[in-house]
Each structure stands twice: as C-alpha cells, then as structure tokens.
1. Which listed residue (Ile116, Asn233, Leu73) has the Cα farthest towards the positive end of the charge dipole for the chain, taking +1 on Lys and Arg C-beta and -1 on Asp and Glu C-beta about the Cα centre?
2. Any chance you could look up the accessible area of Tyr137 with a 1.4 Å probe, heavy atoms only, rounded to 10 Å²?
3. Would you list Trp77, Trp102 from the most to the least accessible area, probe 1.4 Å?
4. How far, in degrees from 0 to 90, does helix 53-64 lean away from the longest principal axis of the Cα atoms of the chain, to the nearest 10?
5. Summing -39500 (n - 2.57) over the DSSP H runs of n ≥ 4 in the chain and dividing by its residue number, what mean residue ellipticity at 222 nm do you reach, to the nearest 500 deg cm²/dmol?
6. What percentage of the solvent-accessible surface of the chain, computed with a 1.4 Å probe over protein heavy atoms, is contributed by carbon and sulfur atoms?
7. Give the relative contact order (percent, whole number) for the chain; include only Cα pairs under 8 Å separated by 6+ residues.
8. Going through segment 94-190, which trypsin sites (Lys or Arg not before Pro) have at most 15 other Cβ atoms within 10 Å and a DSSP loop state?
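The values are calculated or read from the model by the stated rules, or taken from the named source; none is laboratory data. The structure displayed is predicted, hence computed values, not measured ones. Cβ coordinates were reconstructed from backbone atoms using ideal geometry, including for glycine residues, and neighbour counts include every protein chain displayed. Keep in mind that these areas ignore ligands, DNA and RNA; they rest on the heavy atoms of the full protein, side chains included. Shrake-Rupley method; radii C 1.70, N 1.55, O 1.52, S 1.80 Å.
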Amino acid sequence: MTTGSAYESFAQALRAVYDPREAASIADLVFESRFGLRRMDRVLRRAEPFTGQSRLEADLTALLAHRPVQYVLGEAWFAGLLLQVDENVLIPRPETEELVHWIAADAPEGARILDIGTGSGCIPIALSRRLPTAELYALDVSPGALQIARSNANKYAAAIGFIQADFLDETTWPGLPDIDVLVSNPPYIAYSEKPTMHDRVLLQEPHLALFVPDDDPLLFYRKIARFAQTRPNLTLYVEINEALGPRTVALFEAAGLRQVTLKKDMQGKDRMVRAQNY
C-alpha cells in the first residue's frame, strides 16, 4: 500500500460516519499528527510505501465508533496552541477563542484572572500568551482535568496557579485568590437537551463539564453572580447557552452587576456575557 492509497482508503472509510468534507478534514488531521504528513507531503510522497497501516486501522475503528478525532489523537488546537486532551476534559471550541480575544482586548496590565472550570487549561494558557503580565489562576473540581491542564501549562511555560475545588460549594470561596477578572465556560446544557446532541459529544465528553439540571439551567451563573457580589471591582466574562442569553443578562442585572453586555459569536449566536461589580 502506498501513502496515496492509504489516505484515500482511510478518508473513504470515514464517510460511513462523516460527510465527505469532514471525513477529509479528519483524515488530514490524522495523517499529519500520526505520521507527520501534511497535504503537500502526501502529494510528494504519494507513491512511497506506507508503513503505518496498523496504527491507521486502530484509529479508524475508534473514529467509526464516534470517538472524537481529538480524543483519538490526544490533542486539539486552540488559539494557535496544540493542547493535550482526553476524556477528562471538554474539547476546546472555536467560540471559546472569541471569549479569550474579548478578555485580552479589555484586561489591564497585571490583571489577576481566575478561570472557573478550566478543563484542559485552554483559556488561561491562551491568555498567558496574550497578557504576559497577567497573574493567572485556574480552578476545576476534577483531578483528571487538572492533570491535563498542568501538563498543557508546562508545555507552554505558562505560570498558572491551579486550584482543585468545587466552585458550587460557597465555603471554598474565601480561600480563592483576590482577582480583577473572572472567566468561565461552565456547564450550561440542560439534561433535556441530550436527545438533540451528537453521540460524539454525548457519549464521549465529560458530562460533569456539560450538563446542569433542567430545573436550574443557570446554576453556575447564579453562583458566579453571587461570588462577584463578594468581590469588589471585579469584571466577569462567561460563555453561555445560546438559548439563554436574555435570561443570563437578567440574572446578572438582578444581582446588581453593572454594564452587562451580551455578545454574539461569529455565527451570530448569543454566546458571551461580560458584567462588572463596581
């Protein structure tokens, strides 16, 4: 089997689960990550013998079972960073990059920033590249997530203080650092939304980081607002459920937060909120 025929066979097999464009994109990722073969390399080496068939077959089996390609490869791109990921953390999304850009554009020099529910550490690590004078902290309830986040921070020499705690437990709040900025992409999907979700998310990504009770979909935002009330001169940025933008804004305003701003993502969906406690 040649490199060219291996790629074509792999991409074609993926079409059993993915549409043609997504199948080609996944095949590109696998060949570059596993074998160091970018598109031009595959063209130049198309007729060369291919020796990675066993690895490719194992990856194909996992992908056809709806395991996300990021988990198969153990890595995901976010804001120009190649981060380690596994089933302990959510796969970083492009819309979260927009949240990072918003914070980086606003934050003052030396800002003290805390990320609630850090997962892979994608937000504080990306911020460390854009705000080199910032003092960064990251909190997660999951030891497995924090292990991944620490590994990613070490890779990029990002100075981040990691904290294992359950943010929903208000008794932990006095022990958290003094901060100027709070950022969070918390769980915000109601359990009732499960039937609308793809198996690659529902069956693979950590439910602890995805779901909230149907009767309290703004659970984390309510806690974040209450925490903000205890910290003067705090600006908060959160990613939100696109269907709950006005409700999130109303919750923050009712909590006495000011200059509450609802922002759309590049797809035109309500995706981020900024608020201040001044």
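1. Of Ile116, Asn233, Leu73, it is Leu73.
2. Its heavy atoms expose roughly 50 Å² to the probe.
3. Values: Trp77 150, Trp102 30 Å².
Of Trp77, Trp102, the descending order of accessible area is Trp77, Trp102.
4. 50
5. Details: 11 runs with 111 residues, N = 278.
So the helix-based figure for the chain works out to -12000 deg cm²/dmol.
6. It is 50 percent, rounded to a whole number.
7. Details: 462 pairs, mean separation 37.9, N = 278.
Relative contact order here is 14 percent.
8. Counting only loop positions with at most 15 other Cβ atoms within 10 Å, none of the trypsin sites (Lys or Arg not before Pro) in segment 94-190 qualifies.
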